[in-house]
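Notes to accompany the following structure.
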Amino acid sequence: MDPITGLIHHPYQPPEGFAAPQPGVFKASTVIFPDVATLRARDWRSRAGYSYGLLGTPTTYTLEARIASLEGGHQCLLVPSGLAAIALVDMALLKQGDEVLIPDNAYGPSKALALGELAHWGITHQFYDPMDPQDLVSRLSDRTCLVWLEAPGSVTMDFPPLASLVAACRARGVMTALDNTWSAGLAFNGFDLAGPPGTGGGADIVIQALTKYPSGGADVLMGSIVTRDEELHLRIKLAHVRMGLGVAANDAEAVLRGLPSIALRYQAQDQAARQIAHWLRGRPEVAQVLHPALPGAPGHANWQALCSGRDLAAGLFSFVLDRRYTATQADAFCDRLGLFKLGYSWGGPISLALPYDLSAMRSTAFGHWQEAGPLVRLAIGLEAVADLQADLAQAFDALR
Ligand SMILES: *Cc1c(COP(=O)(O)O)cnc(C)c1O
């Protein structure tokens, strides 16, 4: 045998039984079958074996099992980003003529997908007022096949009455999907939203951007789709298989490395964010602080009803500047920040700030924030609170 062939087909097998704190990382497109009968017997539905890298490896199965546990679900699918998780749920469950309802304060790209591709495919949508279950009820029709939920809403951080929204959908037999990125499966369980007596349960599908807290490093993109119902899981998995939405082993490894410290990071960023949010409330430049755990913030009572038991919130919030400040001044405020960097995403080690123009993001019919000046969103990282506060304080000087 040629030495190179011998190298490629090397007979050495390491001893089994290796154990370490972190699971091994398996990389494969090709999976090798012991014989043709095994190859023929493989079924895309089963996790008892392996058939192709796209359909799972020990590394992705391990991460899926851990994310399913984190969310309180039974099955999990991994996709290349949080947005891909939203898109896959839409594509798996909606067909021409169907309608999807999306909260007006949803993650922006989810609304853009409805306005773009879903509309092109003959799938209609409505944006509903997430703070008013009656508004949702009034929009449900025989064509409604999916209702998205998100708590709190992106950027405006208004926390909806999730249990009531789910109960309204369940009463009409409409499927619900929750974007649970903010809670990360920690602040509340998306499948178990203690609601009005008798309603029980929670969302049918819980997705998360693993990009945020589970990774914690701001260095990986990934999403998860968790279910409790095997049939629903297989329905989404079939679309997953057909569209080829696999994730890379190195990325799965990065999330597996972040997971053991997720609760510590979540709690640390929560405490730091609440301290800074309280401090901002006392600043003369600030009209309103939009943090669901703060009394007076939009949906605070809903946050309390769902999350006060664990007393957790993500390290993400927004504040509205006084109406005497212009959008240009808000931009100058953000430019002046030093420790806070300008960038999207959150849940990583570095604090981030972004100015937003609400008028371009919301249907003006539903507004729960005070009509005031421009809005700035802060994602609190792992730096010392005093340093972050000093950075904000010096940037407020730019407003003078
Ligand atoms: C970031 C985010 C997403 C998208 O996640 P990506 O991995 O960046 O695609 C979806 N929903 C919410 C609420 C998010 O914050």
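The values are calculated or read from the model by the stated rules, or taken from the named source; none is laboratory data. Since the model is a prediction, treat every value here as computed from it, not as a measurement. Methodologically, a virtual Cβ is constructed for each residue, glycine included, from the backbone with ideal geometry; neighbour enumeration extends over all protein chains shown. Note: areas computed on protein heavy atoms with side chains; ligands, DNA, RNA excluded. Shrake-Rupley method; radii C 1.70, N 1.55, O 1.52, S 1.80 Å.
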Quiz item: Do we have any residue at all in segment 214-230 that's more than 22 Å from Ile350 (Cα to Cα), outside the structural domain of Ala85 (by TED's automatic domain parsing) and among the polar types (S, T, N, Q)?
Solution: no
Quiz prompt | Subset of segment 92-143 [among the hydroxyl-bearing types (Ser, Thr, Tyr), away from the ligand (no atom under 16 Å from the Cβ) and open to solvent by less than 50 Å² (accessible area, probe 1.4 Å)] | solution = Tyr128, Ser141
Quiz item: Among the residues of segment 174-186, is any touching a residue at least 12 places away in the same chain (Cβ under 8 Å), more than 15 Å from the chain's Cα centre (by Cα) and either away from the ligand (no atom under 16 Å from the Cβ) or on the phi > 0 side of the Ramachandran plot (or both)?
Solution: yes
Quiz prompt | Boolean, Arg257 is under 17 Å from Ala65 (Cβ atoms), surrounded by fewer than 20 Cβ atoms within 10 Å (Cβ to Cβ) and either within 20 Å of the chain's Cα centre (by Cα) or basic (Lys, Arg) (or both) | solution = yes
Quiz item: Would you say Gly201 is assigned to a loop (DSSP other than H, G, I, E, B), away from the ligand (no atom under 16 Å from the Cβ) and either under 15 Å from Pro133 (Cα atoms) or assigned by TED's automatic domain parsing to the domain that holds Asp129 (or both)?
Solution: yes
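Whether any residue in segment 9-18 is loosely packed, with under 12 Cβ neighbours inside 10 Å, part of a loop (DSSP other than H, G, I, E, B) and among the hydroxyl-bearing types (Ser, Thr, Tyr) is what I want to check.
So far as segment 9-18 goes, yes, one or more of its residues are loosely packed, with under 12 Cβ neighbours inside 10 Å, part of a loop (DSSP other than H, G, I, E, B) and among the hydroxyl-bearing types (Ser, Thr, Tyr).
With Gln267, Gln275, Gln304 as the choices, which residue is at pLDDT 95 or above, away from the ligand (no atom under 16 Å from the Cβ), surrounded by 14 or more Cβ atoms within 10 Å (Cβ to Cβ) and within 30 Å of Ala65 (Cβ to Cβ)?
Only one candidate qualifies: Gln267.
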Quiz item: What do you reckon, is Leu280 within 19 Å of the chain's Cα centre (by Cα), assigned by TED's automatic domain parsing to the domain that holds Leu354 and not in a loop (DSSP other than H, G, I, E, B)?
Solution: no
Practice problem: Could you tell me whether segment 233-252 includes any residue that is within 13 Å of Glu71 (Cα to Cα), open to solvent by 10 Å² or more (accessible area, probe 1.4 Å) and either within 15 Å of the ligand (Cβ to nearest atom) or not in a strand (DSSP E or B) (or both)? | Solution: no
Quiz item: When the residues of segment 316-326 are filtered to those that are assigned to a loop (DSSP other than H, G, I, E, B) and not β-branched (Val, Ile, Thr), which remaining residue is surrounded by the most Cβ atoms within 10 Å (Cβ to Cβ)?
Solution: Tyr325
Quiz item: In segment 79-87, is there at least one residue being over 28 Å from Gln22 (Cβ atoms) and either under 25 Å from the mean Cα position of the chain (by Cα) or at pLDDT below 95 (or both)?
Solution: yes
Quiz item: Looking at (1) more than 28 Å from Asp129 (Cβ to Cβ); (2) modelled with pLDDT under 95; (3) not in a helix (DSSP H, G or I), can you tell me which one Gln370 breaks?
Solution: (1)
Practice problem: Could you please let me know if Ala218 is away from the ligand (no atom under 11 Å from the Cβ), closer than 29 Å to Gln288 by Cβ and touching a Ser or Thr at 6+ places or on another chain (Cβ under 9 Å)? | Solution: no
Practice problem: Please give the number of the condition Gly244 fails out of (1) at positive phi; (2) within 19 Å of the chain's Cα centre (by Cα). | Solution: (2)
Exercise. Hey, could you check segment 163-173 for residues that are among the aliphatic types (A, V, I, L, M) and free of Cβ contacts under 8 Å to residues at least 60 places away in the same chain and say which is farthest from the ligand (Cβ to nearest atom)?
Key: Ala171
Quiz item: Can you name the residue in segment 149-162 that is modelled with pLDDT of 95 or more and open to solvent by 10 Å² or more (accessible area, probe 1.4 Å) and, of all such residues, is nearest to the ligand (Cβ to nearest atom)?
Solution: Glu150
Practice problem: Determine whether segment 327-338 contains at least one residue that is away from the ligand (no atom under 16 Å from the Cβ), under 20 Å from Leu264 (Cα atoms), open to solvent by 70 Å² or more (accessible area, probe 1.4 Å) and acidic (Asp, Glu). | Solution: no
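Being more than 15 Å from the ligand (Cβ to nearest atom) and not in a loop (DSSP other than H, G, I, E, B) is the filter here; which residues of segment 339-360 pass it?
Residues of segment 339-360 more than 15 Å from the ligand (Cβ to nearest atom): 339-342, 349-351, 353, 355, 357-360.
Correct list: Lys341, Leu342, Ala353, Pro355, Leu358, Ser359, Ala360.
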Self-check item: Where Ala313 falls short, out of the listed (1) assigned to a loop (DSSP other than H, G, I, E, B); (2) modelled with pLDDT of 95 or more; (3) open to solvent by 30 Å² or more (accessible area, probe 1.4 Å)
Solution: (3)
Exercise. Kindly indicate the residue of segment 204-213 that is assigned to a loop (DSSP other than H, G, I, E, B) and within 10 Å of the chain's Cα centre (by Cα) and also nearest to the ligand (Cβ to nearest atom) among those meeting that condition.
Key: Thr211
